[in-house]
There are 2 protein chains.
Amino acid sequence: MIENRTSSSQASLERVVDLLERHELVENLLDRQPGPRQDLVEHLVHRQHLAELQQLLEQLHAADVAYILESLPLGQRLLVWDLVRADRDGEILLEVSDAVRETLIAHMDQRELVAAAEQLDADEIADLVPDLPQDVVRDVFTSLSSEEREQLRAAMSYPEDTVGAVMDFDMIEVRADVAVEVVLRYLRRLDDMPDHTDQLFVVDRDAHLQGLLPVNRLLVSDPEAEVGEVMVREFRRFTPEQDARDATQAFERYDLISAPVVDEEGKLVGRLTVNDVMDFILEAKDSEILSAGGLSDEEDLFASVWKSVRNRWAWLAINLVTAFVASRVIGIFEHSIAQLVALAALMPIIAGIGGNSGNQTITMIVRALALGQFTRDSARQLLVKEISVSLLNGVIWGSVVGLFAFVMYRSWSLGLVMMSAMLLNLLLAAVMGVAIPLLMQRYGRDPAIGSSVMITAVTDSGGFFIFLGLATLFLV
Amino acid sequence: MIENRTSSSQASLERVVDLLERHELVENLLDRQPGPRQDLVEHLVHRQHLAELQQLLEQLHAADVAYILESLPLGQRLLVWDLVRADRDGEILLEVSDAVRETLIAHMDQRELVAAAEQLDADEIADLVPDLPQDVVRDVFTSLSSEEREQLRAAMSYPEDTVGAVMDFDMIEVRADVAVEVVLRYLRRLDDMPDHTDQLFVVDRDAHLQGLLPVNRLLVSDPEAEVGEVMVREFRRFTPEQDARDATQAFERYDLISAPVVDEEGKLVGRLTVNDVMDFILEAKDSEILSAGGLSDEEDLFASVWKSVRNRWAWLAINLVTAFVASRVIGIFEHSIAQLVALAALMPIIAGIGGNSGNQTITMIVRALALGQFTRDSARQLLVKEISVSLLNGVIWGSVVGLFAFVMYRSWSLGLVMMSAMLLNLLLAAVMGVAIPLLMQRYGRDPAIGSSVMITAVTDSGGFFIFLGLATLFLV
């Protein structure tokens, strides 16, 4: 979710911080001067700030309260959380990030948690369950109706990132053999339609999906007509087992607002909405940005030092191993470096530019793979293109670094070795930049994760080896 | 748009490639054996494949045709493009990526381009204009109605990434003083409502927006009631000058489907829909991924080598400069390296882990900035946290690398220098990792772009300087 917050949300945040600070100021005074009279006055002022804060929170949308909770350090966060009306706990827990949700749940007792979960729909409860204590889950489960229990079971049975995990159950179902007029009368009896009801789902007795009835079509249809005559019979449907990314593509390309989810027998089991899909896109984007930056997981901005260290552990360890390998490659050529110490100063240039160029190739290939743009022929064609690009780059940038080496050390032979090493390392970067993501894909791994670390490891160690190797052959 | 394509789109792509290949096979035979009889037979077979291909393309959604065009090398792409029915050119040009659109437009004559543009709405034409030749734009402009001309001018007057550039003009307007029944009758007379019409816009004579009338509310309202009684009076509105990212946040958080855009006098000037917003999110995400990978611009998968080299130029040049600086830092200490050559092998470890750790900090801070989570106090608090994390990491990873140095070179003093250098470089990475994005933000630059290059430059040169400097002081 890397977008600027709307200015109004940020204004609310500043107001909250302001009230909290005034509240804390009073509390500090209270601590210092415990005279009985003053005490009373200040206690009132202090409570007044909290009352004002509570009022402000009540006016805010759940998403805005979530944003404020995420932006506050733990102490202030819990103070604000206690001021939120208990019947809003559920919706706000849904909105906050996983890391912040943990801190809030840790602060609540079993009764509060059960009450919060009970305010939610089955598909929403399913999103919370992984973070809830076992006891709470059991209590919530027993409090549900048998239909909701079934839905909760269904929603939890699908792995993350499948359509089944993203869908909801808020659909209005109608029969094909009733008149449009009857449907309109039925809708008028409802207090409110579920969010994102742009269409009704036409099912038979056994819940088999027969068609869709867009609300807009309902408006313009003859009231006497039967639903079966005016419904849409051709439409896109999804299965719960399908990859949720398929659904995001379809929503984006075909401009859908909601779509039915059916099982293998054609029975309607749920509904996808554009907002489920948008949340999924933003979360996926967020975790891509985090992993590209070397963070394993979303991190609470105010997480403890120890927690942050653990979150960043894995990537640093992997990089340390690749750095050790590169170091040992250099170690092999210590004898050459001792004789021509300029090599030590020049070698990071070869490694660095190789890594940069390899990452450019990887970005292209990973993107093409994700978009499914690889046909039988294109892999070879792309490899040829990337190799040509790297040859041209090698000649251009190789000349530049060769010239740099010459200017610094007044040696044409050193410049030539520098240029050749650059050319060869860019070539290595191009070949591996195409090969690594394709191999990862073939062995069923996500090429977006980790291929950047791998190419950098290859161009580092490879670059040192090529440059120092050439230098040992021709210069020492 | 880094998502897996739906399997059905990919199946279509494979079918297209298959037909193209059979077509090419026949063409090759034709070239080789120009006997008159065989010629005729093969010519028919050949035309049959193209006819089949044309039929397939006609059944596909414009977005799917766009995807196929993007996935084909230039020759095949233009062959397919010629087979597409002319009256679909406009919508397909809208769907393809900028880089591919260029190749298609270069292949069309003025008459075709004008015809294609004329099929589109004003806000869609505005998206194409930057890619169209001047003559075509003039012709299209004269062919528009005066209202459409006004809309086109409006849409083009707002900078990219503003609400005005993303909005469309497909809204249904009603008056507050008519009965719901009248509105229903009016809607029934329309052939079709615009996409994403989840609400009508209630305006007065001078186009001032007075309220919103959700379609769902229209369905459940008393037909005798006046629009003014049932309309929603509190709603989120946007201005055309506003940052489009504000709108994406609001759509995501408040689950909107459409929203009004009003000017400073409160007049309705356009409409935002969830799909405009979703396209904007996916494009922004795409360009973030490209720039993180060191590509300046979207690149056609089958772009010419020369074009690709130019697209990758800027980042390689910047990195070359930082690499030269790092090289000169090492140059200062050549004397020390000549005396203790192990330094050359160990120094990339310090620089590499520093860069990695700095990038982790930057990712956290850039994310918090984008989410607007910085309050007056949090900058100091975050700096303290990042410094603590780096100290703890410095002790842990410093010990590991110190031990590595000892095991390799049997020198406790070398190990100690290694450990201290690691600690100091991680500290530098933490301080600069917080400072760089905050400074960029203060000076009005986007901290998401370029801060990763800057931190790596600092931790490279800084790491070499710290390590070699300490070694010079204590070891040489």
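The values are calculated or read from the model by the stated rules, or taken from the named source; none is laboratory data. Only a predicted model underlies this, so the values are computations on that prediction, with no experimental measurement involved. Note that each Cβ is placed from the backbone with ideal geometry, even for glycine, and that neighbours are counted across all protein chains shown.
For the condition over 29 Å from B:Arg245 (Cβ atoms), loosely packed, with under 15 Cβ neighbours inside 10 Å and hydroxyl-bearing (Ser, Thr, Tyr), B:Ser145 qualifies. For the residues B:Leu470, B:Leu391, the requirement of being within 20 Å of A:Trp315 (Cα to Cα), in the same structural domain as B:Ala342 (by TED's automatic domain parsing) and surrounded by fewer than 21 Cβ atoms within 10 Å (Cβ to Cβ) singles out B:Leu391. Do we have B:Leu403 as touching a Gly at 6+ places or on another chain (Cβ under 9 Å) and either in contact (Cβ under 8 Å) with a residue 40 or more places away in the chain or hydrophobic (A, V, I, L, M, F, W, C) (or both) here? Yes: the conditions hold for B:Leu403.
Filtering the stretch A:53-71 to residues that are without any contact (Cβ under 8 Å) to a residue 12 or more places away in the chain and at the interface with chain B (Cβ under 10 Å from one of its Cβ atoms) leaves only A:His61.
Screening A:Asn311 on (1) within 25 Å of A:Thr103 (Cα to Cα); (2) surrounded by 21 or more Cβ atoms within 10 Å (Cβ to Cβ); (3) within 7 Å of another protein chain (Cβ to nearest Cβ) shows it passes everything except condition (3).
Among the residues of the stretch B:242-299, those identified as acidic (Asp, Glu) and either at pLDDT 90 or above or in contact with a strand residue (DSSP E or B) (Cβ under 7 Å, 6 or more places away or on another chain) (or both) are B:Asp243, B:Asp263, B:Glu264, B:Glu265, B:Asp276. If you go through the stretch A:96-126 and pick out every residue that is in a helix (DSSP H, G or I), buried (at least 20 other Cβ atoms within 10 Å of the Cβ) and within 18 Å of the chain's Cα centre (by Cα), you end up with 2. Among the residues of the stretch B:278-295, how many are touching a Phe, Trp or Tyr at 6+ places or on another chain (Cβ under 6 Å) and more than 8 Å from every other protein chain (Cβ to nearest Cβ)? Residues in the stretch B:278-295 being touching a Phe, Trp or Tyr at 6+ places or on another chain (Cβ under 6 Å) and more than 8 Å from every other protein chain (Cβ to nearest Cβ): 0 in total.
If you check A:Asp446, A:Asp460 for being among the charged types (D, E, K, R) and either in contact with a strand residue (DSSP E or B) (Cβ under 7 Å, 6 or more places away or on another chain) or assigned to a helix (DSSP H, G or I) (or both), only one passes: A:Asp460.
The set of residues from the stretch B:420-476 being hydroxyl-bearing (Ser, Thr, Tyr) and under 27 Å from B:Gly293 (Cβ atoms) comprises B:Tyr443, B:Ser451, B:Ser452, B:Thr456, B:Thr459, B:Ser461.
Looking at the structure I just gave you, is A:Asp195 more than 10 Å from chain B (Cβ to nearest Cβ), under 38 Å from the mean Cα position of the chain (by Cα), part of a loop (DSSP other than H, G, I, E, B) and in contact (Cβ under 8 Å) with a residue 60 or more places away in the chain?
no
Look at (1) free of Cβ contacts under 8 Å to residues at least 24 places away in the same chain; (2) touching a Leu at 6+ places or on another chain (Cβ under 9 Å) and you find that A:Arg88 fails only one, number (1). Only one of the listed residues (B:Ala351, B:Ala344, B:Ala370, B:Ala338) is facing another protein chain (nearest Cβ under 7 Å) and within 37 Å of the chain's Cα centre (by Cα). That residue is B:Ala370. Just for the stretch A:397-431: of the residues that are among the β-branched types (Val, Ile, Thr) and within 14 Å of another protein chain (Cβ to nearest Cβ), which one is surrounded by the most Cβ atoms within 10 Å (Cβ to Cβ)? Only one residue fits best here, namely A:Val401. For the stretch A:437-451, a residue qualifies if it is within 18 Å of A:Val321 (Cβ to Cβ) and surrounded by fewer than 24 Cβ atoms within 10 Å (Cβ to Cβ), and the qualifying residues are A:Ile449, A:Gly450.
Sub-8 Å Cβ pairs linking a first residue in the stretch A:384-396 that is more than 7 Å from chain B (Cβ to nearest Cβ) and within 15 Å of A:Thr459 (Cβ to Cβ) to a second residue that is of a type in the set (Ser, Thr, Tyr) and assigned to a helix (DSSP H, G or I), at least 6 apart or interchain, are A:Glu386/A:Thr361; A:Ser390/A:Ser357; A:Ser390/A:Thr361, ordered by first then second residue. Here B:Ala338 passes the criteria (1) closer than 25 Å to A:Asp460 by Cα; (2) crowded, with 24+ Cβ neighbours inside 10 Å; (3) of a type outside the set (S, T, N, Q) except the one numbered (2).
Candidates B:Leu200, B:Leu212: the one that is touching a residue at least 24 places away in the same chain (Cβ under 8 Å), touching a helix residue (DSSP H, G or I) at 6+ places or on another chain (Cβ under 8 Å) and outside any loop (DSSP other than H, G, I, E, B) is B:Leu200. Do we have A:Ser357 as at the interface with chain B (Cβ under 8 Å from one of its Cβ atoms), in contact with a Leu (Cβ under 9 Å, 6 or more places away or on another chain), among the polar types (S, T, N, Q) and in contact (Cβ under 8 Å) with a residue 24 or more places away in the chain here? Taking the combined requirement at face value, the residue satisfies it.
Yes or no, residue by residue, for (1) modelled with pLDDT under 90; (2) touching a Ser or Thr at 6+ places or on another chain (Cβ under 8 Å); (3) not hydrophobic (A, V, I, L, M, F, W, C):
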{"site": "B:Gly90", "(1), (2), (3)": "no, no, yes"}
{"site": "B:Arg111", "(1), (2), (3)": "no, no, yes"}
{"site": "B:Pro130", "(1), (2), (3)": "yes, no, yes"}
{"site": "B:Val136", "(1), (2), (3)": "no, no, no"}
{"site": "B:Ala155", "(1), (2), (3)": "yes, no, no"}
{"site": "B:Val166", "(1), (2), (3)": "no, no, no"}
{"site": "B:Val174", "(1), (2), (3)": "no, no, no"}
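Annotation note: of B:Arg237, B:Arg271, the sole residue that is more than 16 Å from the chain's Cα centre (by Cα), more than 8 Å from every other protein chain (Cβ to nearest Cβ) and in contact (Cβ under 8 Å) with a residue 60 or more places away in the chain is B:Arg271. Looking at the stretch B:40-52, is at least one residue assigned by TED's automatic domain parsing to the domain that holds B:Ala11 and closer than 22 Å to A:Gln373 by Cβ? Within the stretch B:40-52, none of the residues are assigned by TED's automatic domain parsing to the domain that holds B:Ala11 and closer than 22 Å to A:Gln373 by Cβ. For A:Glu265, the test of being more than 27 Å from B:Val65 (Cα to Cα) and touching a His at 6+ places or on another chain (Cβ under 8 Å) is passed.
Here is the figure for the stretch A:91-134: residues that are farther than 26 Å from A:Ser146 by Cα and among the aliphatic types (A, V, I, L, M) total 7.
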